[in-house]
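Worksheet for the structure shown next.
The values are calculated or read from the model by the stated rules, or taken from the named source; none is laboratory data. All of these numbers come straight from a predicted model, not from anything done at the bench. No Cβ is skipped: glycine too gets one built from the backbone with ideal geometry, and neighbour counts run over all protein chains shown. Remember, those area values only see protein heavy atoms, side chains included, never the ligands or the DNA or RNA. Shrake-Rupley method; radii C 1.70, N 1.55, O 1.52, S 1.80 Å.
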Amino acid sequence: MPDGFDTQSRAEKGTPAGDASGSFLAGIVAEPGPVDAATASVFRSNAEQVKSLAKQGKFAVNEAGGEHAKRAAQVYLDGYRHMGRGLGDLRVGPALGTGPYAEQVKQHVIKMVDGDEQSLIPAAEDMKAGFEALIEGIDIAMSNYRETESEHHQALRKINPGT
């Protein structure tokens, strides 16, 4: 399991339930604060693991908790969408002029923001993919919860038809 993924429930840690969905989101991000490429990669991996667990039926979340977590994840995706043009501009590089030195500086800037997987743009894209996977996983987990609740309700009706 990747570093940063919280494998213990709040109950196992002896902490109060509080805002479970907020704790859930905080638990899959390696560390709070600025996001570097390594943190983004860990986050994406953790989010994909959450989605996988939900697909396997090993993760369920109720409607309220799921919607709360999805809204929190959507904040990043909305911000990413607003950054889209700026990221595209960074990929092209700054307009510094036409001289050889200006071109050299421009290429340096482009390499800094999109030169390899450790750069700004790939890290932002990893975070985006992670939040998209997380939202998909939460949707599946909410469906899992609804199915489980329905099954439990049907089982109770068999025991006590008046319920």
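Just a few scattered comments:
- Each principal axis of segment 78-118 carries a Cα extent, and these read 38, 21, 8 Å when sorted largest first.
- Translational diffusion coefficient (Stokes-Einstein; Kirkwood radius from C-alpha pairs) of segment 39-100 at 20 °C, 1.002 mPa s, in µm²/s: 144
- Taking other residues whose beta carbon is less than 9 angstrom from the beta carbon of residue 142, and scoring Lys, Arg as +1 and Asp, Glu as -1, yields -1.
- Packing-based order for 69-77, 143-151, using average beta carbon neighbours within 10 Å, highest first: 69-77, 143-151
- Solvent accessible area, Å² - residue 112, 1.4 Å probe, full protein context: 110
- Stokes-Einstein D (µm²/s) once Rh is taken as the Kirkwood radius of segment 22-163 over alpha-carbon pairs, at 20 °C in 1.002 mPa s: 122
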